[in-house]
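Asks: Mind having a look at this structure? Questions to follow.
The values are calculated or read from the model by the stated rules, or taken from the named source; none is laboratory data. Owing to the predicted nature of the structure, the values given are computational and were not obtained by experimental measurement. Glycine also receives a Cβ, built like all others from the backbone with ideal geometry; neighbour counts cover every protein chain displayed.
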Amino acid sequence: MRKILVVGIWMMAIAGMTLAEGCGEKDNAKAATSKKIVKPQSPRPAGAVLAPEFSLATLDGDILSMSDLQGKVILLNFWATWCAPCRKEIPDFIKLYDKYNEAGLEIVGVTLSSGSPDKIQQFVDKWKMNYPVLTDIQGQETQQTAMVFGQAVRQPISGVPTTFIIDRDGYIVKMYVGPRSEEIFYRDLKPYL
């Protein structure tokens, strides 16, 4: 009788573990289906290089670094307020930002030789720019950033606008010298969004 009782207790223990495991599997399956689906990173081109780190000032005086943008698709635009071709791109950047910022697109304008933050802010307000615009912290940081990006892609930035697409993993996947349209930028951004 005692042997039957021990066997019975042992069988109830196994049944309880099996039941618990079954519940756990159901909970795990439920958790797996409720996780956010992340789009896999598109293959990057053969010549892609890691974007250099930088730290520049926003027009409010805050510091924004490349590492702050981690996980986003970045359209990094070197431009100047006095540059007519740069102005041509601004409406398209505004549209792109409005359409795709929630999908992970971050557009960042790095001003070169454009004057004081107050002067740049007046320009930004006039053009209704809706994306972050960066400038120097103390003196020549934007020029140094442009130089480092040129070194990274082995092509000096010798004119504005110069724009880079940087994927979610921080790799430069495309470079443009000169202005481009919203359609061209979107075509090249789409695989990474």
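Asks: Can you find a residue that is in contact (Cβ under 8 Å) with a residue 60 or more places away in the chain, surrounded by 14 or more Cβ atoms within 10 Å (Cβ to Cβ) and assigned to a helix (DSSP H, G or I) anywhere in segment 172-179?
Replies: no
Asks: Give segment 124-145 a look and list any residue that's among the polar types (S, T, N, Q) and touching a Leu at 6+ places or on another chain (Cβ under 7 Å), or say none.
Replies: So the first thing to find is which residues in segment 124-145 are among the polar types (S, T, N, Q), and the list is 130, 135, 138, 140, 142-145.
Residues satisfying the conditions are Thr135, Thr142, Gln143, Thr145.
Asks: When segment 181-193 is examined, which residues are found to be under 21 Å from Thr111 (Cα atoms) and surrounded by fewer than 17 Cβ atoms within 10 Å (Cβ to Cβ)?
Replies: Step one: of segment 181-193, the residues under 21 Å from Thr111 (Cα atoms) are 181-182, 185.
Across segment 181-193, the qualifying residues are Ser181, Glu182.
Asks: Here's something else I'd like to know. Suppose the filter is within 14 Å of Leu189 (Cα to Cα), in contact with a helix residue (DSSP H, G or I) (Cβ under 7 Å, 6 or more places away or on another chain) and among the β-branched types (Val, Ile, Thr); does Ile90 pass it? Lay out the reasoning, then the answer.
Replies: Working: within 14 Å of Leu189 (Cα to Cα): no; in contact with a helix residue (DSSP H, G or I) (Cβ under 7 Å, 6 or more places away or on another chain): yes; among the β-branched types (Val, Ile, Thr): yes.
So Ile90 fails the test.
Asks: Which of the residues spanning segment 84-122 are aliphatic (A, V, I, L, M) and either outside the structural domain of Thr145 (by TED's automatic domain parsing) or in contact with a strand residue (DSSP E or B) (Cβ under 9 Å, 6 or more places away or on another chain) (or both)? Steps first, please.
Replies: So in segment 84-122, the residues aliphatic (A, V, I, L, M) come out as 84, 90, 94, 96, 103, 105, 107-108, 110, 112, 120.
Within segment 84-122, Ile90, Ile94, Leu96, Ala103, Leu105, Ile107, Val108, Val110, Leu112, Ile120 meet the criteria.
Asks: Which of the residues belonging to segment 141-180 are among the acidic types (Asp, Glu) and closer than 17 Å to Glu106 by Cβ?
Replies: Keep residues of segment 141-180 that are among the acidic types (Asp, Glu), which gives 141, 167, 169.
Residues satisfying the conditions are Asp167, Asp169.
Asks: Count, please, the residues in segment 122-143 that happen to be over 15 Å from Leu56 (Cα atoms) and more than 21 Å from the chain's Cα centre (by Cα).
Replies: Of all residues in segment 122-143, those over 15 Å from Leu56 (Cα atoms) come to 122-130.
Remaining after also requiring more than 21 Å from the chain's Cα centre (by Cα): 122-128.
Total meeting the criteria: 7.
Asks: Hey, can you tell me all the residues within segment 44-58 that are under 24 Å from Gln155 (Cα atoms), in a strand (DSSP E or B) and either of a type outside the set (S, T, N, Q) or at pLDDT below 95 (or both)? Steps first, please.
Replies: Within segment 44-58, the subset under 24 Å from Gln155 (Cα atoms) is 44-56.
Next, from what is left, pick out any that are in a strand (DSSP E or B): 49-50, 55-56.
Residues satisfying the conditions are Val49, Leu50, Leu56.
Asks: Ile166 versus (1) closer than 22 Å to Thr81 by Cα; (2) buried (at least 19 other Cβ atoms within 10 Å of the Cβ); (3) of a type in the set (Val, Ile, Thr): which is the lone unmet condition?
Replies: Every listed condition holds for Ile166 apart from (1).
Asks: Could you figure out which of (1) surrounded by 11 or more Cβ atoms within 10 Å (Cβ to Cβ); (2) among the charged types (D, E, K, R); (3) modelled with pLDDT of 90 or more isn't true of Lys39?
Replies: Exception for Lys39: condition (3).
Asks: Hey, another quick one. Name, by its number, the condition in (1) of a type in the set (Gly, Ala, Ser); (2) surrounded by 14 or more Cβ atoms within 10 Å (Cβ to Cβ); (3) at pLDDT below 95 that does not hold for Gly104.
Replies: (3)
Asks: From Thr81, Thr142, which residue is touching a strand residue (DSSP E or B) at 6+ places or on another chain (Cβ under 9 Å), under 23 Å from Ala48 (Cα atoms) and either buried (at least 19 other Cβ atoms within 10 Å of the Cβ) or of a type in the set (S, T, N, Q) (or both)?
Replies: Working: Thr81 fails: under 23 Å from Ala48 (Cα atoms).
After applying the criteria, what remains is Thr142.
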